[in-house]
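Please read the structure below before turning to the comments.
Please treat every number below as a calculation from the coordinates, not as lab data. Nothing here was measured: the structure is a model prediction, and the numbers come from that model. Cβ sites come from the backbone with ideal geometry, for glycine too, and all protein chains shown count toward neighbours.
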Amino acid sequence: MSTPDAKSLVNRYLDASFMVNKRFDTRIREQVGQTITTDQFCALRLIEEKPSCTPSDLAELLCIGKSSITALVNKLVDRDLVHRAGDERDRRVVYLTLTETGKQVYRETEQEIQQILEPYLVHFTPEEVRIFIESFEKLAALLSHEGGREKE
C-alpha cells in the first residue's frame with residue numbers, strides 16, 4: 001500500500017492501537033495486577049492450551065528472549081502456579097504444566113478479564129466483532145512473517 005493515504009492509515013492504526021492497549025492494560029492491571037501480571041496470565045494461558053509446552057515454546061509464543069522466559073517461569077514456579085517436568089528420554093527438555101493453584105488462578109483471572117472487556121463488546125454487532133478479530137489475527141500472522149508476506 002503505497003498510496004498518499006498510507007501514512008494517515010498507519011497513524012490512525014498506531015493511535016487506536018496505543019489507546020486500546022494502554023487503557024485495557026491499565027484496567028486489567030488495576031483489576032488483577034495484585035494477583036498476576038498480564039505477561040504471567042498470557043504464559044498461564046499458553047501453557048494451559050499447549051500440551052507439552054516447553055520454555056522455548058513459551059518464549060517464541062510470547063516473543064521474548066530465553067533469559068526473560070527463564071525469569072518468568074521461575075516466578076510462576078516459585079508461586080506454585082507452574083510445574084516443571086523433565087522429559088524421561090531427553091533430560092535437556094523441560095515441560096511446563098499448570099499446578100492446581102495455577103489452573104485456579106488462570107480461571108479466575110480469565111473471568112475477571114472477560115468482565116472487564118465484555119461491557120465494550122456490546123457496542124458492536126457479532127459480525128463486527130468477528131470481522132475485527134479475524135482482521136487482527138491476520139495482522140498478527142503477517143507480523144510473524146518477514147516483511148508482512150503471507151506464507152506461500
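For the residues 39, 90, 57, a GNM of the chain with alpha-carbon springs under 10 Å puts the largest fluctuation on 90. Other residues whose C-beta falls under 13 angstrom from the C-beta of residue 114 contribute a net charge of -1, scoring Lys and Arg +1 and Asp and Glu -1. Between residue 87 and residue 24, the simple spin-label model (points 7 angstrom out along Cα→Cβ) gives 3.4 nm.
Roughly how large, in nm² to one decimal, is the mean projection of the convex hull of the alpha-carbon atoms in region 36-121? Spell out each step's value before the answer.
Numbers: hull surface 24.0 nm².
For region 36-121, the mean projected area of the Cα convex hull comes to 6.0 nm².
Residue exposure proxy: 42, 53, 63, ordered by other Cβ atoms within 10 angstrom of their Cβ from fewest to most, comes out as 63, 42, 53. In the elastic network of the chain, a GNM with C-alpha springs shorter than 10 Å, the most mobile of 69, 133, 116 is 133.
Across the chain, the longest piece that holds none of the trypsin sites (Lys or Arg not before Pro) lying in DSSP loops with up to 10 other C-beta atoms within 10 Å covers 1-88.
Ellipticity at 222 nm from helices only: DSSP H runs of n ≥ 4 in the chain, each -39500 (n - 2.57), divided by the residue count, give -22000 deg cm²/dmol.
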